[in-house]
1. Would the stretch 91-107 turn up any residue that is more than 30 Å from Pro159 (Cβ to Cβ) and not assigned by TED's automatic domain parsing to the domain that holds Met310?
2. Within the group Pro206, Pro189, which residue is crowded, with 16+ Cβ neighbours inside 10 Å and not in a helix (DSSP H, G or I)?
3. Which of the residues belonging to the stretch 259-307 are touching a residue at least 60 places away in the same chain (Cβ under 8 Å) and acidic (Asp, Glu)?
4. Out of Gly258, Gly246, Gly254, Gly242, I need the residue that is within 20 Å of Thr286 (Cβ to Cβ), within 25 Å of the chain's Cα centre (by Cα) and not aromatic (Phe, Trp, Tyr). Which one?
5. Take Val232 and decide whether it is loosely packed, with under 14 Cβ neighbours inside 10 Å and under 19 Å from Glu270 (Cα atoms).
6. Any residue at all in the stretch 210-221 that's surrounded by 15 or more Cβ atoms within 10 Å (Cβ to Cβ), under 27 Å from the mean Cα position of the chain (by Cα) and of a type in the set (Val, Ile, Thr)?
7. Checking the structure you have, find out if any residue of the stretch 20-31 is over 27 Å from Pro159 (Cα atoms) and surrounded by fewer than 17 Cβ atoms within 10 Å (Cβ to Cβ).
8. May I ask you to list the residues in the stretch 1-40 that are closer than 16 Å to Ala114 by Cα and in contact (Cβ under 8 Å) with a residue 60 or more places away in the chain?
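The values are calculated or read from the model by the stated rules, or taken from the named source; none is laboratory data. Remember, predicted model here, so these are calculated numbers, not experimental data. Note: ideal-geometry Cβ built from the backbone for every residue, glycine included; neighbour counts use all protein chains shown.
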Amino acid sequence: MPWRIGPAARAGGARPDPYRVWMSEVMLQQTTVAAVTAYFQRFVARWPRVEDLAAAQDGEVMAEWAGLGYYARARNLLACARTVVRNHGGVFPASALGMRALPGVGPYTASAVAAICYDEPAVVVDGNVERVMARLFAVLDPLPGSKPELVRLAGLVTPDLRPGDYAQAVMDLGATICTPRNPACGICPLLGVCEAQHLGIAAELPRKLEKAEKPVRQGVAWLATRGGLVLVERRAERGLLGGMLGFPSDGWDGTALGAPFAADWQSLGEVKHTFTHFHLILQVRTSDSDANPQRGEFMQLNPDDLPTLMRKAYDLAFQGKTPR
């Protein structure tokens, strides 16, 4: 992984860069390594130091983040970088407690940076580590209620020696061997000490409470074009897709603003998208009227700057063609 320093390199004196580790951990929240890697490489190529990111324009960072989802992370990324530069001289705090004081940094990210970069024996618990601990100690109580106990148990086995290497090893163990389905117990380094494997219930753990079915919301997006320009607006900083470019829309995010101008809007169909707490069916309507919009502005649009939902609407409207 491009943000890691392996044990052999560390033994030779190489040290992990807290900026790169922090950025990777923020990106990896609720997102896979496969999805994150290309974004991470683009970010560090464009903003190689925390000072560079802190000085970046909000819109540029949000556009680079487009498609990665959970957009509050991008806003927190900027807020944290600017705090590190303004209050800490561009140096990330060397402890989990210090990291926790930064904007948008939770217990897991704080512990991960402290352990990996500064060798603090902080307790690092992500979803992979939860699964390993639930099986290692045969914790039968379901998540999320059992999480405090899993964190406590993880603390019991966190070593003082090379805690950063240990933290990454346990995360990798969960990602590659102690997997959610069909764990490879036969090649696991914890074979013989894992209580769930001994009981024959490893694949059943961790248990989880059944999730309620997600509700379905309906909404409308209006795609207007004029002379090759597209009508877009910058969404409010707070809320869904906060700070991102998007097409005027409503009915799905708590707003009921109506069309951006009166016109003979033509229905193009619908796109579907799933957020954390609901499914969305978004009706897409289009017009090329010359009326002055009450919302947004006409501009040359790079569709790669759009969040996934709005990109789906764009692709439906233009189907690979250039807007006219």
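1. Scanning the stretch 91-107, I find at least one residue that is more than 30 Å from Pro159 (Cβ to Cβ) and not assigned by TED's automatic domain parsing to the domain that holds Met310, so the answer is yes.
2. Pro206
3. Asp288, Asp290, Glu297, Asp304, Asp305
4. Gly246
5. no
6. Yes: the stretch 210-221 contains one or more residues that are surrounded by 15 or more Cβ atoms within 10 Å (Cβ to Cβ), under 27 Å from the mean Cα position of the chain (by Cα) and of a type in the set (Val, Ile, Thr).
7. There is at least one residue in the stretch 20-31 that is over 27 Å from Pro159 (Cα atoms) and surrounded by fewer than 17 Cβ atoms within 10 Å (Cβ to Cβ).
8. Hits for the stretch 1-40 are Arg4, Arg10, Arg15, Pro16, Asp17, Pro18, Tyr19, Val21, Trp22, Glu25, Val26.
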